[in-house]
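Engineer: To start, I am sharing the structure in question, which I have written as structure tokens.
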Amino acid sequence: MLGSQRIPTYLMEENPELRGDEFDFMSVFTILDHIKVIDGYQLAYVYQYDGMGGYPTVYAYPEGTQPYVSFDEYIADKPECFDSTVYVSGCDILTYLETDGSPLGFLQLVLFDTKKGRFNLYWHSAYCDRHFIATPSGLDAIILNISDPLLPLSGSQKRAAQRIDPTPEVLIGDEMVDIRVTWFTKWGGFNETHYALSREYPHLILSTESQNLVEYDCGIMF
């Protein structure tokens, strides 16, 4: 859904303003159906474009109020959300989401957090191309589709990638949830990441640890 979005041409300018008929971000929950936004809030996004790249920033806003129309409007109203020296819970999108408590719910939460701003990407922002893999057939599809204009996988890379077990793992403990996922990027190859989440709401990501499984680089530079 997110990867299929096309960038409206009017967003390709400095401090673009949304017109209201863009992609409805709340529609992602028709697919991620084991998580939901907490009562009283909605999710929306603004778009940042600076000539070197373009990408959306997703945020939560109270129901009954108007969403921001531009990135500049958002940052002017919420400057604390862009201060990297301090954590502000109200700026963390995960504090506005809750799961149904199932393994799939926690897995969807991780997928959401990783993919939420990965649509309508322009130029250098396109390096953010993390593709999650959950099945052997999904793994095979990626291996087979790495071809022209991308650099092909070598024989040893293919054999190593085919030995990967991409099945996600979700272990729910008394206080924490441990999740393992496999993913691919054209600028790095096949990887796995382990996440530790809070079991109870708010389901914050407490730590992550990633490992490269098979190195690969497509040879393309933006």
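Engineer: Ratio of the range 145-199's C-alpha Rg to 2.2 N^0.38 Å, to two decimals?
Structural biologist: Taking N as the residue count of the range 145-199, the ratio is 1.50.
Engineer: Kirkwood Rh over alpha-carbon pairs of the range 9-127, then Stokes-Einstein at 25 °C and 0.890 mPa s: what D in µm² s⁻¹, rounded to an integer?
Structural biologist: The Stokes-Einstein estimate is 160 µm²/s.
Engineer: Hey, what did the range 24-66 get for relative contact order, percent, Cα under 8 Å, at least 6 apart?
Structural biologist: 33 percent
Engineer: Over the chain, what is the relative contact order in whole percent, taking alpha-carbon pairs under 8 Å and six or more residues apart?
Structural biologist: 17 percent
Engineer: Here's another thing I want to ask about it. Filter the trypsin sites (Lys or Arg not before Pro) in the range 112-183 down to the DSSP loop ones having no more than 14 other Cβ atoms within 10 Å, then list what survives.
Structural biologist: Answer in residue order: R163.
Engineer: Go through the range 129-222 and name the GluC sites (Glu not before Pro) that are in a DSSP coil and have 14 or fewer other Cβ atoms within 10 Å of their Cβ.
Structural biologist: Loop-located and lightly packed - E175, E200.
Engineer: How large is the helix-only mean residue ellipticity at 222 nm for the chain, computed as the sum of -39500 (n - 2.57) over DSSP H runs with n ≥ 4, divided by its residue count, in deg cm²/dmol to the nearest 500?
Structural biologist: -5000 deg cm²/dmol
Engineer: Residues of the range 38-66 with the amide nitrogen closer than 19 Å to a label point 7 Å from the Cα of I7, along Cα-to-Cβ, please.
Structural biologist: Taking a point 7 Å out along Cα→Cβ of I7, the residues of the range 38-66 whose backbone N falls under 19 Å are 45-58.
Engineer: Per residue of the range 66-71, what does 6.51 cos²θ - 1.76 cosθ + 1.60 with θ = phi - 60° give for ³J(HN,Hα)? Whole Hz please, x for Gly and Pro, Karplus curve as stated.
Structural biologist: Rounded to whole hertz, the list is 8, x, 5, 9, 8, 4.
Engineer: Need the full-extension length gain, A141 to Q42, defined as separation in residues times 0.36 nm minus the C-alpha distance. One decimal, nm.
Structural biologist: Net length gain for the segment: 32.2 nm.
Engineer: Give the relative contact order (percent, whole number) for the range 9-127; include only Cα pairs under 8 Å separated by 6+ residues.
Structural biologist: Relative CO of the range 9-127 lands at 31 percent.
Engineer: Then there's this: Are there GluC sites (Glu not before Pro) in the range 35-124 that DSSP puts in a loop and that have at most 15 other Cβ atoms within 10 Å, and which ones?
Structural biologist: For GluC sites (Glu not before Pro) across the range 35-124 that sit outside H, G, I, E and B with at most 15 neighbouring Cβ atoms in 10 Å, the list reads E63.
Engineer: Within the chain, how many Lys pairs sit with Cα atoms under 25 Å apart, leaving out pairs fewer than 8 places apart on the same chain?
Structural biologist: Taking the chain as the scope, the lysine pair count is 8.
Engineer: Give me the distance in nm between label points sitting 7 Å out from Cα along the Cα-to-Cβ direction at A196 and D24, one decimal.
Structural biologist: Computed distance between label sites A196 and D24 equals 4.0 nm.
Engineer: Which of (i) 57, 41, 31; (ii) 55, 47, 35; (iii) 55, 36, 30 is the computed Cα extents along the principal axes in Å for the structure on display?
Structural biologist: (ii)
We did not get these values from a lab; they are worked out from the coordinates using the rules stated. This one's a predicted model, so the numbers in the text were calculated from it and none came from an experiment. Backbone-built Cβ (ideal geometry, glycine too); neighbour counts: all protein chains shown.
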